[in-house]
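What follows is a single structure, written as structure tokens, with notes after it.
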Amino acid sequence: MRVILWSLNILVLLTLSLFAKDNIIAQFNHWFLSTNTQTVSNIEVVFSPNQGATDAIIKAISEARKLVLVSAYSFTSQTIAQALLDAKKRNVDVKIILDKSQVSQRYSSSKFFENLNFDLKIDVKHAIYHNKVMIIDDKTIITGSFNFTKAAESKNAENVLIIRDNPKLAQLYKQDWLKHWNNAVAIDKYSLKK
């Protein structure tokens, strides 16, 4: 009889813990889905349209002290370009790789970056250089579907992940970035090739 009562008690406790767990999951889902920006550990998640993705990227750039490496398929956001210029003015080393479509695109920031003497290269090896990445100070990564454009902020359904204080992951991204940097050409040389 004691074994049966003990087994029933365990069953009741397990059942209660499952309900409590479901309640915690429901509360977490409600909390997570009802806000625009969330930080879990060192990972910040932001969605668009109009949920602060551009502001989150600008904040991360403002934290840069030494280095920002940028990979961009499309780059038309004046505010993100300005944040990179502000970083450059703080003596942060900013290097940018753009897709070749950015050289001829009407509203591109490539001329902005070129005119302000950014260290800028154009990817010529791939059909599309589709990366959307920033690596900051060898420890922070910005990535996701979000192109650095006004449309990505105001019209498109996009996502941004900002992963801070993860030098091992940043090193993997940096290795890939450097491989593309070494295969890319300076913008003035790309213009001559066309």
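The values are calculated or read from the model by the stated rules, or taken from the named source; none is laboratory data. This one's a predicted model, so the numbers in the text were calculated from it and none came from an experiment. Glycine also receives a Cβ, built like all others from the backbone with ideal geometry; neighbour counts cover every protein chain displayed. Side chains are part of the model used for accessible areas, which takes the heavy atoms of the whole protein and leaves out ligands, DNA and RNA. Shrake-Rupley method; radii C 1.70, N 1.55, O 1.52, S 1.80 Å.
Taken one residue at a time, the phi angles of region 168-184 give Karplus couplings (6.51, -1.76, 1.60, θ = phi - 60°) of 5, 5, 4, 5, 4, 5, 5, 4, 5, 4, 5, 4, 5, 4, 5, 8, 7 Hz. Gly and Pro are set to x. Sorting Val133, Val103 by accessible area puts them as Val103, Val133; the probe is 1.4 Å, largest comes first, and only protein heavy atoms count. Placing Phe47, Phe113 in order of accessible area, with the largest value first and a 1.4 Å probe, yields Phe47, Phe113.
The alpha carbons of region 89-194 occupy a box of 40, 33, 31 Å along the principal axes, longest dimension given first.
In this structure region 72-128 gives 51 Å² per residue of accessible area when probed at 1.4 Å with all protein chains present.
Of Gln175, His130, Ala151, which is farthest towards the positive pole of region 122-194's charge dipole, taken about the Cα centre with +1 and -1 on the beta-carbons of Lys, Arg and Asp, Glu respectively? Positive-most Cα among the choices belongs to His130.
When nucleic acids and ligands are ignored and a 1.4 Å probe is applied, Ile43 ends up with an accessible area of around 70 Å².
Distance from the alpha carbon centroid of region 114-183 to that of region 40-72 works out to 11 angstrom.
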